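Below: one structure, written as structure tokens.
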Amino acid sequence: MSKQISLNIETATAIPQPSARQAIAVPVFSDEPRVSLLNQDELQRTVEQSALNGEFKGEAGTQLLLHASRSERALLLIGMGAHADFSSDELRRASGMAAREAREARVKHLVMLLPVVDDERLAVRVVAEGALLGLYENNFYQSQDEENFWVEKLTIIVSENRSELRDEIERARIVAESVNWTRHLADEPGASLPPREFARRAAEMAQEFGLKVESLDVDEIRARGMGGLWGVGQGSEEKPALIVVRYEPEGARDNDELWAFVGKGITFDTGGISLKHGLDMYEMKTDMAGGAAALGALRAIAQLKPNKRIVAIVPSAENMPSGHSIKPGDVVKTFGGYTIEVVDTDAEGRMVLVDGIAYAKSLGASRIVDLATLTGSIIVALGEHRTGLFSNDDDWANQVIEASERAGEPTWRMPVSDDYKKRIESDIADFKNYGGRPDATAAALLLSKFAQKTPWVHLDIAGTSWYDEAQPHAPKGSTGVGVRTLVELAFG
Ligand code: BES
Ligand code: MN
Ligand code: ZN
């Protein structure tokens, strides 16, 4: 798919003349009923009135559509929450919410006012990003009987029109389109995106943006002894793949530092012989969200061109029960050399990731970030608001944490230590893949044994990659988490 949201985004220093199907979005803080509407007294009165009347409280995630008297344009009040809690991420979400509401109200031209901010460039960037992210839909399998309606234009009102603002909008578009590309992959059902199709879409994207593809097929996976990836994939009719996509900046040399983004690419996770129960199993179509995020980050990086060699590595397989499946008790030999006893075939993510991490090292990666919808345990610990972050290196961890904060994708650091080693010690092999709770920590410890001394960060995105219900700024489904963090990191 290359269908992207067509939204024309510009900045202006004054509110444009009223026109039909226009709405002005006005951010309102819950503790500040007064807003400045640039000498538009009538509009200002309407907004302040509804705020002061208590009709609109300005709480985050709320909005109110009003029609200003004697004008055919609408006013859209956007709740920002308390001013003290204001962050660029709040503004990004507010913009997404405004864009979705505008589309709902059949607004063609959305004019967005900014709250008073320190950094207008950043504000323009997050508003543009938020609108493009907010307009994403995953209803691509719905028949479109009525004519499609879309918001055509977004005008962001700024104090001064500078050329850098154009660049910010361009950057926002590249990043948001890459996040939406990632979300689309993660929202695809398992049947539409088996490993070979995942690899094909990655290659199509790589070709479009001038990235190098070095993927391995099933024969190469077996020949190189990637027993974790092969073992997980062996029960499926769909063959596993190791998707490898590279970005090389201009003038890069072979001995320049190489970073690896390794993403879990389970295109559907039934649990295998340790079959999951049925209830929410359909969500396991998104078990390749980490892999899609690693590739989506490269999609943006190829266009933004940081001066850093980066490779995305996505071990991809379908975890299925069958007569060929790996069984509890089986032992696999991994690419990194260690053997792993498979205690539970549903703990498949770590088995494919260890081969991805070892492969990253064999390519000479000096720093690794892996992203994976790895454990239910991290959802219990952190819910959907923070990604679990594990690392063997404080400097690298801090770099990733700072990038995630700039990106508005918060993380929370969790421990990796041999205190937990009993959970991965096997009686018959070097390690086992499951040893009871806390599993997120045990899984991370197993991965760390393969990263060894290479600075490594593991992001467990099981909670943050998927919205269980629709949000004011997003539909139910995949969030594309990780892409923005990795892009920030590449420029860090
Ligand atoms: N893909 C799942 C983790 C997951 C669960 C992601 C829910 C998103 C939402 C992973 O492969 C898995 O099955 N984990 C099991 C491991 C356990 C059986 C050893 C888990 O966490 O329950
Ligand atoms: Mn599983
Ligand atoms: Zn899984």
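The values are calculated or read from the model by the stated rules, or taken from the named source; none is laboratory data. Please read all numbers here as calculations on a predicted model, not as lab measurements. Methodologically, a virtual Cβ is constructed for each residue, glycine included, from the backbone with ideal geometry; neighbour enumeration extends over all protein chains shown.
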In segment 253-282, residues that are among the charged types (D, E, K, R) and in contact with a Ser or Thr (Cβ under 9 Å, 6 or more places away or on another chain) total 4
Checked segment 86-108 for anything of a type outside the set (Ser, Thr, Tyr) and assigned to a loop (DSSP other than H, G, I, E, B); matches are Phe86, Ala105, Arg106, Val107, Lys108
Residues in segment 261-314 that are among the charged types (D, E, K, R), away from ligand 3 (no atom under 15 Å from the Cβ) and either surrounded by fewer than 24 Cβ atoms within 10 Å (Cβ to Cβ) or outside the structural domain of Glu197 (by TED's automatic domain parsing) (or both) total 3
Positions within segment 315-331 being hydroxyl-bearing (Ser, Thr, Tyr), away from ligand 3 (no atom under 14 Å from the Cβ) and assigned to a strand (DSSP E or B), in sequence order
none
All-but-one check, Pro321 against (1) touching a strand residue (DSSP E or B) at 6+ places or on another chain (Cβ under 8 Å); (2) farther than 26 Å from Ala252 by Cα; (3) not small (Gly, Ala, Ser), failing number (1)
From the list Gly231, Gly251, pick out the single residue that is assigned to a loop (DSSP other than H, G, I, E, B) and either surrounded by 21 or more Cβ atoms within 10 Å (Cβ to Cβ) or not hydrophobic (A, V, I, L, M, F, W, C) (or both).
Gly251
Any residue at all in segment 446-468 that is more than 30 Å from Asp89 (Cβ to Cβ), modelled with pLDDT under 95, in the same structural domain as Glu257 (by TED's automatic domain parsing) and surrounded by fewer than 24 Cβ atoms within 10 Å (Cβ to Cβ)?
no
When both residues are 6+ apart or on different chains and their Cβ atoms are under 6 Å apart, which pairs have a first residue that lies in segment 259-280 and is in contact (Cβ under 8 Å) with a residue 12 or more places away in the chain and under 23 Å from Asp187 (Cβ atoms), and a second that is surrounded by fewer than 23 Cβ atoms within 10 Å (Cβ to Cβ) and of a type in the set (A, V, I, L, M)?
Phe268/Met284; Asp269/Met284
Pick from Ala347, Ala360, Ala372, Ala365: which is within 15 Å of ligand 3 (Cβ to nearest atom) and in contact with a strand residue (DSSP E or B) (Cβ under 7 Å, 6 or more places away or on another chain)?
Ala372
Whether any residue in segment 37-55 is modelled with pLDDT of 85 or more and farther than 19 Å from Ala131 by Cβ is what I want to check.
no
Residue ID - farthest from Leu447 (Cα to Cα), chosen from residues in segment 359-382 that are within 21 Å of the chain's Cα centre (by Cα) and among the polar types (S, T, N, Q):
Ser377
Index of the failed condition, Ile379 passing every other in (1) within 16 Å of ligand 3 (Cβ to nearest atom); (2) of a type in the set (A, V, I, L, M); (3) closer than 21 Å to Gly233 by Cβ
(3)
Return the only residue of Ala365, Ala440, Ala347, Ala429 being within 16 Å of ligand 2 (Cβ to nearest atom), among the aliphatic types (A, V, I, L, M), in a loop (DSSP other than H, G, I, E, B) and touching a residue at least 12 places away in the same chain (Cβ under 8 Å).
Ala347
Looking at the structure I just gave you, is Asp394 among the charged types (D, E, K, R), over 19 Å from Gly482 (Cβ atoms) and without any contact (Cβ under 8 Å) to a residue 24 or more places away in the chain?
yes
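Okay, residues lined up against (1) surrounded by 24 or more Cβ atoms within 10 Å (Cβ to Cβ); (2) at pLDDT 95 or above; (3) assigned to a helix (DSSP H, G or I):
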position: Glu72; (1), (2), (3): no, no, no
position: Leu77; (1), (2), (3): yes, no, no
position: Leu110; (1), (2), (3): yes, yes, no
position: Val126; (1), (2), (3): yes, yes, yes
position: Tyr136; (1), (2), (3): yes, yes, no
